[in-house]
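Chemist: Before I ask anything, let me first share the structure, which is written out below as structure tokens.
Derivation of every value follows stated rules applied to the coordinates shown; laboratory data play no part. Computed from a predicted model, the values in this text were never measured in an experiment. In this analysis, Cβ positions are derived from the backbone assuming ideal geometry, glycine residues included, and neighbour counts consider all displayed protein chains.
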Amino acid sequence: MAVFLSVGMAFTGIPVALTNWINEMGMSPYMLIVVLTLIYIVLGCFLEGTSMIVLTSSVALPMIQSAGLDPIWFGIYLVLVVEMSQITPPVGFNLFVLQSMSGRDILTITKASLPFFFLMLFGLVLITVWPEIATFLPGMMINR
């Protein structure tokens, strides 16, 4: 269904319209990243990772490219944000995996995963401020 929805959105021109709307708002690239991060975290409360990527990439990628950000960097950013969203309650799927493995209640698991959420958020800030951290190795492969 997610693929069907993505194709349908592309056919109707929704990604282009959203990209134009974001450009008209005059958002800086950093503000766009903050907004996308918040959207992905909220989506992660209700969807699993693959569905989020399939549903949103056709809309988010044109916005990222129009903001002048590297698509390879966006892929790495997307993996980090999806993993962050997978440990957010109430439907953080990684929380349920940890609960079944440990036998502990979900509240204990959520509290224990909170430091990892903030570590991933810190990593996200690092690759946003210094994108070369994420694009160094891919850049070395492209230049050869």
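Chemist: Around Pro90, with a cut-off of 15 angstrom between Cβ atoms, what is the net charge of the other residues, counting Lys and Arg +1 and Asp and Glu -1?
Modeler: Values: positive: Lys111; negative: Glu48, Asp105.
Summing Lys/Arg as +1 and Asp/Glu as -1 gives -1.
Chemist: So what's the back-of-envelope 222 nm ellipticity for the chain, counting only DSSP H runs of four-plus at -39500 (n - 2.57) apiece and dividing by all residues, rounded to 500?
Modeler: Taking each H run of at least 4 residues, the total per residue is -26500 deg cm²/dmol.
Chemist: Something else: Binning at 5 angstrom from zero up to the longest distance, how are the C-alpha pair distances of the stretch 8-144 distributed in percent?
Modeler: Here the calculated profile for the stretch 8-144 is 2, 10, 17, 19, 18, 14, 10, 6, 3, 1, 0.
Chemist: Right, next: Put +1 on the Cβ of every Lys and Arg and -1 on every Asp and Glu Cβ in the stretch 2-142; which of Gln65, Met31, Met140 then has its Cα farthest towards the positive end of the dipole?
Modeler: Met31
Chemist: Still on this structure, I have one more. Label Val79 and Thr12 with points 7 Å out from Cα along Cα→Cβ: what is the distance between them in nm?
Modeler: Each label point lies 7 Å from its Cα, and together they span 3.2 nm.
Chemist: Which whole-Hz ³J(HN,Hα) couplings does the stretch 28-39 yield from phi under the Karplus relation 6.51 cos²θ - 1.76 cosθ + 1.60, θ = phi - 60°, glycine and proline marked x?
Modeler: 3J(HN,Hα) across the stretch 28-39, in whole Hz: 6, x, 5, 5, 4, 5, 4, 5, 4, 4, 5, 4.
Chemist: As I understand it, the value is the acute angle between the Cα axis of helix 49-66 and the longest principal axis of the Cα atoms of the chain; what does it come to in degrees, rounded to 10?
Modeler: The angle comes out near 30 degrees.
Chemist: Could you line up Trp73, Trp130 from fewest to most neighbouring Cβ atoms inside 10 Å?
Modeler: Values: Trp73 18, Trp130 11.
Ranking Trp73, Trp130 by Cβ neighbours within 10 Å, fewest first, gives Trp130, Trp73.
Chemist: If R₀ is 25 angstrom, what is the calculated FRET efficiency for the pair Lys111 and Val42, using the beta carbon separation as r and rounding to 0.05? Mind showing how you got there, number by number?
Modeler: Numbers: r = 20 Å, r/R0 = 0.82.
Computed FRET efficiency for Lys111 and Val42: 0.75.
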